[in-house]
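Heads up, the thing below is written out as structure tokens.
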Amino acid sequence: MLLAVGVYVVAGNLAGGVGGGAAKALAKGAVPAAYQQLVQTWGNLCPAINPALLAAQLYQESGFNPKAQSHAAAQGIAQFIPGTWATHGVDGDGDGDRDVWDPSDAIPSAATYDCALAGYVKDVPGNPTENMLASYNAGAYAVIKYNGVPPYKETQNYVQRILSLEKSFAAPVGRVDPSKQAAGAIAYAQKKLGTLYLWGGNGTADQGGRFDCSGLTKAAYESVGTTLPRVANDQYNAGPHPARDELLPGDLVFFSDDLTDSRAIRHVGIYVGGGYMINAPRPGAVIRFDPIDTPDYFGATRVTEDGAKALPTTV
């Protein structure tokens, strides 16, 4: 959960580009359009963060759900607890109030918290972003005590998880490395050609070995040792995003009626080359080859082990 500290920033300061974070473009549609400018702007608040890192944290916390509430009473898109918000929430949009349920306040508060942590550990040796993330998880005092990321398995895993997940929110700056598991995933899917679609199908015996779209892709990658989330819009975050002309067999390809928001993705298939995918298309149809170049084509993901492992089990 994000427990913001009392560092207040006037939103107007950012309008002129103040903030030293690394310029890193967000991947297409990775952040819902309603929050993209907020994440891009506030993600450049200080050098220790960037927009893709901030997006990864928000996704980890709430799946970009501004109405999210945890069993521990953490609230909103950035998951602040009420007592901390009452003291430390930031008026990010300058409208005179601080509303934990309003992403225009909560997202700036999340960025402000990250930058405050980075300030606390700025004299600690090592990578400032890793130290900031470790401070978020274990407390700045632990990072200072151990002169870097402390030897806590939970903290080390948290740092690695966010840094891996960050890659799925950043637009690639070069060609994306091929997936080692791709051939096996395709081979699995090919064996399922002709199988009748089943909504919610995971291919289990009690379901007659039938699948829906994301059930098929999940099972295909599980067959080669990579565990994906169950639903298509979370599978989008399992790795970096190659461009259409960079697709390789084994990439997951996604489709949506809203091309600005990965949370609205409604279909996924496995690319096999030549502009075609294997997919479980809809009720009444069978697993088959279909073209990917349709008006609702959203984008692609090259699944990586680190990317898949970084995904939260629930968002």
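Annotations
- Shown here are the Rg and Dmax of the Cα trace of the stretch 141-193, at 18.2, 57 Å.
- For the stretch 71-118, the relative contact order comes to 33 percent (Cα pairs under 8 Å, sequence separation of at least 6).
- Proximal lysine pairs, the chain, alpha carbons under 23 Å, eight or more residues apart or interchain: 21
- Gyration tensor (alpha-carbon) shape descriptor, the stretch 87-222, a/c threshold 1.5: prolate
- Placing +1 on each Lys and Arg Cβ and -1 on each Asp and Glu Cβ, with no other charges, gives the chain a dipole about its Cα centre of roughly 940 debye.
- Which of A243, L53, I186, positive extreme of dipole for the chain (C-beta unit charges): I186
- In the stretch 117-201, the trypsin sites (Lys or Arg not before Pro) that fall in loop regions by DSSP, at most 15 other Cβ within 10 Å: K122, R175, K180
- Just the protein heavy atoms count here, and of the accessible area of the chain at 1.4 Å, carbon and sulfur take up 53 percent.
- A simple spin-label model places the labels of A205 and T294 3.4 nm from each other, with each point 7 Å out along Cα-to-Cβ.
- Binning the alpha carbon pair distances of the chain at 20 angstrom intervals from zero yields the distribution 33, 52, 15, 0, expressed in whole percent.
- Helical contribution to [θ] at 222 nm, DSSP H n ≥ 4, -39,500 (n - 2.57), averaged over the chain, rounded to 500: -10500 deg cm²/dmol
- Label zone of E246 (point 7 Å out along Cα→Cβ, amide N under 20 Å): in the stretch 166-184 this covers 166-183.
- Using C-alpha pairs under 8 Å with a sequence gap of at least 6, the mean separation divided by the residue count of the chain gives a relative contact order of 17 percent.
The values are calculated or read from the model by the stated rules, or taken from the named source; none is laboratory data. This structure is a prediction, so every number in the text was calculated from the model and none was measured. As a convention, Cβ positions derive from the backbone with ideal geometry for all residues, glycine included, and neighbour counts pool all protein chains shown. Just so you know, the surface numbers come from the protein's heavy atoms only, side chains and all, with ligands and any DNA or RNA stripped out. Shrake-Rupley method; radii C 1.70, N 1.55, O 1.52, S 1.80 Å.
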